[in-house]
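The values are calculated or read from the model by the stated rules, or taken from the named source; none is laboratory data. Worth saying up front: this structure is predicted, and the values here are computed from it rather than measured. Heads up: the accessible areas ignore ligands, DNA and RNA and are worked out on the full protein's heavy atoms, side chains in. Shrake-Rupley method; radii C 1.70, N 1.55, O 1.52, S 1.80 Å.
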Amino acid sequence: MTKAAKTTSRKRYVERPDIRALLLDSAEALIREEGYAAATARKIASRVDLKHQVVFYYFGSQDELLVEVFRRSAKTHREALEKALNSSKPLSAMWNVIRDPDVTRFTLEFMALANHNEAIRDELAQNAADIRQLETEAVDRHLKERGIDPRLSPRLVSVLTNALGRLLVQEATLGIRDGHDEAEALVEGSLRSFEAMGDTTEGVGPIVQAMDFKEGDSSTYQP
């Protein structure tokens, strides 16, 4: 039998987009409901009444299926973020997207998986770099359009808002909410201040005021 004939013999079925989507949906649901460890080929397939071999037929490996699940979720998140960054209040809208608890919890599952999976780790790292660049360019563009020269760089704004948003969701998941209202008020007031610079706006102070203490200064920031 020729090589071409053997290939044809193995590929007896035409791939169906609906089956591929079913498997992706099944894997995503398992990760959201039970965590990444539950997303095995057998459980993913059996959830939609298919044999586990179909996972390997459509994706080649279980790892590649999980990579595709993450890519699909990341694409949806990026689209929401791009819409926010192109809105009339881009920084506040960006913050609302960043602190979405469903998105953050789902991403945290993949971050945990990345500790044991190089393919997932590489995918997360590339996506994080792309999102950081997207946010940095958008914040920089917004500030330049308003003639604003902030003390915090656009890249640092991206780092701080993402880090704090992720931390708040992590703690809330554990039932820890102490200090959250104050932290959210600080960030929201700071972002409003960045957006309002150049306009007549009272009652908002940039986050750098909370960080710009002189040595020995015992004063505290009041949001």
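A probe of 1.4 angstrom, applied to the heavy atoms of all protein chains, finds residue 173 with accessible area near 80 square angstrom.
Can you pull a Stokes-Einstein diffusion coefficient for region 32-132 at 25 °C (0.890 mPa s), Rh from Kirkwood over Cα pairs, as a whole number of µm²/s? Walk me through the numbers before you get to the answer.
Working: Rh = 14.9 Å.
D = 165 µm²/s.
Find how many whole Å separate the alpha carbon centroid of region 119-165 from the alpha carbon centroid of region 41-67. Answer, in whole Å: 35.
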